[in-house]
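Below: one structure, written as structure tokens.
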Amino acid sequence: MAISLQKGQRISLSKEAPGLSKMMCGLGWDVAKRSGGGFFSNFGGGGQNYDLDASVICLDANGKLTAKENIIYFGNLQHLSGAITHTGDNLTGAGDGDDEVIIVDLPRIPAQIVKLVFVVNIYDCIARKQDFSQIENAFVRLVNAANNKELARYNLSGKEYLGMTGMVLAEVYRHNDDWKLAAIGNGVNVNGLGELAGSYS
């Protein structure tokens, strides 16, 4: 039975899934339907689709991003170590289930990387006049890749994120010999991934 995480909650991945080595992080979302229906009812500001981008920012023991190669996103689909792989960009959020998937091989993560920050931002949000209050059913879930068992799910409501264009979803971090997961769920007002990642520099 998967744990439905609340904002600020932390769990031990080794306790929830003993022997866990490879996990899949799935992120999904739907666009809030506008009243009135019609052909453009599922489109955002300016008649554009909502393009949410999931990324992982790898931090050192000081909580710092030390190299741009430590950002895994649609423009850098795999970490140099091979430990983290982004399976590709989804431009619209259309369809059921996971819209973007990131696979993490925990034993292959270099020792100098202590924390993985899972984030999502709205592409071209300023020009399109879009924010997270217009997104519904956003979630992040962790799955044990060995048996496809869902370990944890964190559901996000878009209503409290008015004016927010990025979100820090969750952190996976080393604690002694254990990996732990923290549900964060903090909305931020940023113009793209670069600005979001810059807060860790």
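The values are calculated or read from the model by the stated rules, or taken from the named source; none is laboratory data. Quick caveat, the model's predicted, so the values are computed rather than measured. Please note: Cβ atoms are built from the backbone with ideal geometry, for glycine as well, and neighbour counts cover all protein chains shown.
A few notes on this one:
- Which listed residue is surrounded by 15 or more Cβ atoms within 10 Å (Cβ to Cβ), under 17 Å from Met167 (Cβ atoms) and modelled with pLDDT of 90 or more, from Phe132, Phe118, Phe139: Phe118
- Looking across region 68-84, the residues that are part of a loop (DSSP other than H, G, I, E, B) and either modelled with pLDDT of 95 or more or not small (Gly, Ala, Ser) (or both) come down to Phe74, Leu77, His79, Leu80, Ser81, Gly82, Ala83.
- Pairs, first over 29 Å from Gly187 (Cβ atoms) in region 107-122, second modelled with pLDDT under 95, C-beta under 6 Å, six or more apart: Pro107/Ser21
- Residue check, Asn176 surrounded by fewer than 19 Cβ atoms within 10 Å (Cβ to Cβ) and under 12 Å from the mean Cα position of the chain (by Cα): no
- Failed criterion for Thr87 (all others in (1) of a type in the set (Ser, Thr, Tyr); (2) modelled with pLDDT under 95; (3) touching a helix residue (DSSP H, G or I) at 6+ places or on another chain (Cβ under 9 Å) hold): (3)
- Filter pass, Asn186 being part of a loop (DSSP other than H, G, I, E, B) and either at pLDDT 85 or above or closer than 21 Å to Asp99 by Cα (or both): no
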